[in-house]
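Below is one structure, written out as C-alpha cells, with a few remarks after it.
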Amino acid sequence: MTITLPGLSGTVLVYLLVFARTGAMVMLLPAIGDANVPGRVRLMLALAISLALAPTVASTYPQQAPASALALGLMIAEEVTVGILVGTMARIIMSSLSVAGFLIAGQTGLSYAETLDPTSNGQQGAVIGNFFSLLGVVLIFATNLHHLAIGAIAGSYHLIPPGTGLPTADMAQLTIKLVSGSFALGFQLAAPFLVFGFAVNAAFGLLARMMPQLQVFFVAMPVNILVGFLLMVMLLGTMMTIFLDFYTSQMGIFL
C-alpha cells in the first residue's frame, strides 16, 4: 500500500506530524530514551502519546499536505527539531547530577572508581555520579515529575506553533542558559564537598610540614572517603530536593 501526498491529509497528516515531534522527544528523555529500554517500548509510548495529543493540537496543523515532498520534509524536520529541543532539555538538566558526582568523587578520592552509567547510553562515569543520576531518575518518576516532559510537548505548541518557523535565536539562548544553569547547579550541589576537601587538604598539608616522616597520603585517603560518605548521607535529601526544584522550574518553561 502506498500513500500519495494528496492522500496524506486530515487526521493522518496531523498524526504523522505530532508523532514526529513526540517521537523525537521520547527518544531523548532520561530513562525512557536510554539504550537499555527496548526500541518497541519507546515506539509504543511515542505512538500512545501522539494518539492522545493529536486531537487537541489538530487545529494548529494544515489539513492538507503540501504539494511537494520537499515542503512536507521541511515540516517534519521542524517538528523533529522541536521534539529534540524538549528531550535535550531534560538530558541537560540530568547532566547536573553527573557534574556534581564528578566533583564529589574528585574530592573524596573516588574519581578513579568508574562504572557504566545506564542513563548515558553505556558511557563510563564516576560511581557517585552514576548513583546520583539513577537516584534522580527514580525520584522524578516517584514524584510524577515525568509528566512535566509530556506536558512540555503540549506546551511547545504554544511557544513554537507549527508552520511559523523555528525561533533559532531563542532556542540557542534557551540552550545556553540551561547548560550554564545545569553546570552551576552541579557546582552548588558539590560545594559542601569542595569546602570539605579544601579544609582537609590544607590540614594534612600543614601536618605533612610539621611531621615529614608521616605518610600523609595513606592517612588522608581513608579520612577523605569516610567523611565524604558521612557528609553525603547528611546532605543527600537536601541535594535531591534542590535538583527536583530545578527540574520542575526548567521543564515548566514550556507549560
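So how tilted is helix 168-210 from the main axis of the chain? Cα-based, degrees 0 to 90, rounded to 10.
Approximately 10 degrees, to the nearest 10.
Please report the equivalent ellipsoid semi-axes of region 29-69, computed as sqrt(5 x eigenvalue) of the Cα gyration tensor, largest first, in whole Å. Walk me through the numbers before you get to the answer.
On the way: eigenvalues 159, 37, 14 Å².
With the √(5λ) rule applied to region 29-69, the semi-axes are 28, 14, 8 Å.
To the nearest 10 degrees, how steep is helix 39-57 against the longest Cα principal axis of the chain, on a 0 to 90 scale?
Its long axis makes an angle of about 60 degrees.
Hey, rough spin-label estimate for HIS158 and THR248, points 7 angstrom out along Cα→Cβ, what's it come to in nanometres?
Using points 7 Å along Cα→Cβ, the separation is 1.8 nm.
Scaled to the compact-protein estimate 2.2 N^0.38 Å, what is the alpha-carbon radius of gyration of region 11-254, rounded to two decimal places? Mind dumping the intermediate values first?
Working: Rg = 22.6 Å, N = 244, 2.2 N^0.38 = 17.8 Å.
For region 11-254, the normalised Cα radius of gyration is 1.27.
Take VAL99, VAL195, VAL127 and order them by how many other Cβ atoms sit within 10 Å, fewest up front. Present the calculation step by step, with values, prior to reporting the outcome.
Details: VAL99 19, VAL195 12, VAL127 16.
Lowest to highest Cβ neighbour count: VAL195, VAL127, VAL99.
In what sequence do TYR15, TYR247 fall when counting other Cβ within 10 Å, fewest first?
Values: TYR15 18, TYR247 27.
Listing TYR15, TYR247 from fewest to most nearby Cβ atoms yields TYR15, TYR247.
When every alpha-carbon pair in region 37-115 is counted, what percent end up more than 16 Å apart?
73
Readers should treat all values here as calculations from the given coordinates under stated rules, not as data from a laboratory. Remember, it's a predicted structure, so these values are computed and weren't measured experimentally. All Cβ positions, glycine included, derive from the backbone under ideal geometry; neighbour counts span all protein chains shown.
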